[in-house]
Amino acid sequence: MGPDTWVEEYPVADGPRQSPINIVPKEAVYDPDLKPLKLTYDPNDANGILNNGHSFQVDFIDESDSSTLRGGPVSGVYRLKQFHCHWGSSDDQGSEHTVNGIRFPCELHLVHWNTKYPSFGDAAKEPDGLAVVGVFLKIGAANPKLQRILDCFESIKNKGKQCGLGDFDPRSLLPPSLEYWTYEGSLTTPPLLESVTWIVLKQAISVSPAQMEMFRSLQFCAEGEGVWDMVDNFRPPQPLKGRQLRANFK
Ligand code: GRE
Ligand code: ZN
């Protein structure tokens, strides 16, 4: 079931560009040619929130270019498909990427697909198909921007449950600075496809211990199929295998 067993069914788990990785800032190469990230989101595109059995996921309508990622390390236009998080059973673990081996309690992933392909599903099989923005959450003040999502958790406690969310601007979850590290990687859950340009923000957003506890009230199982708190839904860092980590800041 866990990450150690994925390689049996998904040999690419041992592939050349797997994610996440441990980010060693001193080893990142500053690349002055990297462009600023351009994130344009339409709050009306938020379509609802789902417990998918491994995280909660906020889905977006992706039928036009109204919510996109451009610039940064990628060329072309990538559309926002969904965002979700990974977190721990306690505040000392939970993020997928680590920084100098330090783990954060939670990591947010904003998943975008390259519109040179016909759909998310097609793009997810291509080496330049996806661009995912990763944002670390660190313990601090309660984050008011997370509250509307947390308020939905009661109604999506179990796998398969979904709920309307109303307008939601994912931009509200981002830190003030969009400085980033970037590298070529993969999905961090099966099928672990090697199609993701990772854009991991240097600056974290805050979350309170009580808010982290609310994440842990979600359940991996469907209603009536047992009690199994949704915690530790992160994959640990994978070998870099000669890949270059670049930064758009010094
Ligand atoms: C995930 O399931 O965690 C995931 C995706 C798509 C892109 C990146 C990622 O579903 O980590
Ligand atoms: Zn993820």
- Task: Calculate the spin-label point distance for Asp33 paired with Lys241, positioning each point 7 Å from the Cα along the beta-carbon direction, and give it in nanometres.
- Result: 2.4 nm
- Quick one: what does P(r) look like for region 120-248 with 10 Å bins over all Cα pairs, in whole %? 11, 30, 39, 19, 1
- Query: Label points 7 Å out from Cα along the Cβ direction at Ser64 and Asp14: separation in nm?
  - Reply: 4.9 nm
- Message: Per q in 0.09, 0.11, 0.13 Å⁻¹, report the Debye log10 I(q)/I(0) for the chain, using one uniform scatterer on each alpha carbon and no solvent.
- Response: -0.36, -0.55, -0.79
- Query: Taking a quarter of the surface of the convex hull around the Cα atoms of region 10-129, what do you get in nm²?
  - Reply: 9.3 nm²
- Please report, in cubic angstrom per residue, the volume enclosed by the convex hull of the alpha-carbon atoms of region 75-121. 87 Å³
- Message: Sorting check: for 41-48, 25-32, 241-248, 182-189, which peptide has the highest mean count of neighbouring beta carbons within 10 Å, and how do the rest follow?
- Response: 182-189, 41-48, 241-248, 25-32
- Under 12 Å from the Cα of Lys35, which aspartates and glutamates turn up, not counting those fewer than eight places away in the same chain? Glu179
- Note on the structure: So the number of lysine pairs in region 69-225 with alpha-carbon atoms under 19 angstrom apart, 8 or more residues apart or on different chains, is 5
- In the neighborhood of Phe249, defined by Cβ-to-Cβ distances under 12 Å, what is the net charge if each Lys or Arg adds +1 and each Asp or Glu adds -1? +1
- Note on the structure: Most packed first (mean Cβ within 10 Å per residue), the peptides 110-120, 152-162 order as 110-120, 152-162
- Message: How large a share of the accessible area of region 24-145, in percent, is made up of carbon and sulfur atoms when the probe is 1.4 Å and the other protein chains stay in place?
- Response: 50 percent
- Task: Determine the percent antiparallel among the DSSP beta bridges restricted to the chain, to the nearest 5.
- Result: 80 percent
- Task: Any chance you could run the full-extension gain for Ala142 through Asp92? It's 0.36 nm times the residue separation minus the Cα-Cα distance, nm to one decimal.
- Result: 16.3 nm
- Protection proxy ranking of 52-64, 137-149 - average other beta-carbon atoms within 10 Å, highest first: 52-64, 137-149
- Å² of accessible area per residue within region 1-71, as computed with a 1.4 Å probe and no ligands counted: 54 Å²
- Label-point separation (nm) for Trp228 and Ser155, each offset 7 Å from Cα along Cα-to-Cβ? 2.7 nm
- Item | Zone of Ser177's modelled label, taken as backbone nitrogen in region 77-106 under 17 Å from a point 7 Å along Cα→Cβ | 99-100
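The values are calculated or read from the model by the stated rules, or taken from the named source; none is laboratory data. All of these numbers come straight from a predicted model, not from anything done at the bench. Counting neighbours? That spans all protein chains shown, and the Cβs are built from the backbone with ideal geometry, glycine included. Just so you know, the surface numbers come from the protein's heavy atoms only, side chains and all, with ligands and any DNA or RNA stripped out. Shrake-Rupley method; radii C 1.70, N 1.55, O 1.52, S 1.80 Å.
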